[in-house]
Amino acid sequence: VYEGNETAIISIDGVSGGGASESGTQSETITITENESAPTVTLTTSATSIAENAGSSLTLTATLSGATDSAITVALDTSGTATEGTDYTDGSGNIDDITISAGSTTGTVNFTPTDDSVYDAASNETATIAINGVSGKTGVAEHGTPQTVTITITDNESAPSVTLTTSA
């Protein structure tokens, strides 16, 4: 488990016996050097495409290369032709940041497409999810930059047709 360097201060509380006494305040600070490398975070998705009307979700997973003694928050940004909150959510709103609990190596958030009744002229839309920052433990960072996944949301509506009629 990555903890980072730690320090300890050793102090003399008191001296007794044989007429011995402490000469001033005696203490030493020692550093315990971390022998593990700071973990890095990668971002993956359970699939790279999903139908708008799938009725299910994909899973976005942030994975640490090693556990830490602190919870890690992986901040996410979204971009692409699909709009967060309109074309997809986490099931309850915008895509939340991912939290990896202390001692664990993975955290997840859902990616749920929203079925609408609008024909998208491009037929498919894309959502790009990227790591925007990693916090919770000094030294922990994303593995390479940028860590992104792109998901294609396939449209289920047919192109509208126009019929012209004449009247006498």
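The slack between residue 75 and residue 6, meaning 0.36 nm per residue of separation minus the straight C-alpha distance, is 22.2 nm. Using a simple spin-label model with pseudo-atoms 7 Å out from Cα toward Cβ, residue 21 and residue 126 lie 7.9 nm apart.
Quickly rank 46-59, 123-136 as a protection proxy: mean count of other C-beta atoms within 10 Å, highest first.
Ranking the peptides 46-59, 123-136 by packing returns 123-136, 46-59.
Taking the accessible area of the range 6-71, probe 1.4 Å, and keeping the other protein chains in place, the carbon and sulfur fraction comes to 46%.
Which length gain, in nm to one decimal place, applies between residue 34 and residue 108 when the Cα-Cα distance is subtracted from 0.36 nm times their residue separation?
Net length gain for the segment: 23.9 nm.
Considering only alpha-carbon pairs that sit under 8 angstrom and 6 or more positions apart, the relative contact order computed for the range 125-168 is 44 percent. Annotation for residue 165 and residue 99: the two label points, set 7 Å from Cα along the Cα-Cβ direction, are 6.0 nm apart. By the Kirkwood approach, averaging reciprocal distances over each pair of separate Cα atoms, the chain gets a hydrodynamic radius of 19.8 Å. Using the Cβ of residue 1 as centre and a radius below 14 Å, the other residues enclosed give a net charge of -4, where K and R count +1 and D and E count -1. The residues of the range 5-150 expose on average 55 square angstrom of accessible surface per residue, using a 1.4 Å probe on protein heavy atoms.
The values are calculated or read from the model by the stated rules, or taken from the named source; none is laboratory data. Computed from a predicted structure; not experimentally measured. Cβ sites come from the backbone with ideal geometry, for glycine too, and all protein chains shown count toward neighbours. Heads up: the accessible areas ignore ligands, DNA and RNA and are worked out on the full protein's heavy atoms, side chains in. Shrake-Rupley method; radii C 1.70, N 1.55, O 1.52, S 1.80 Å.
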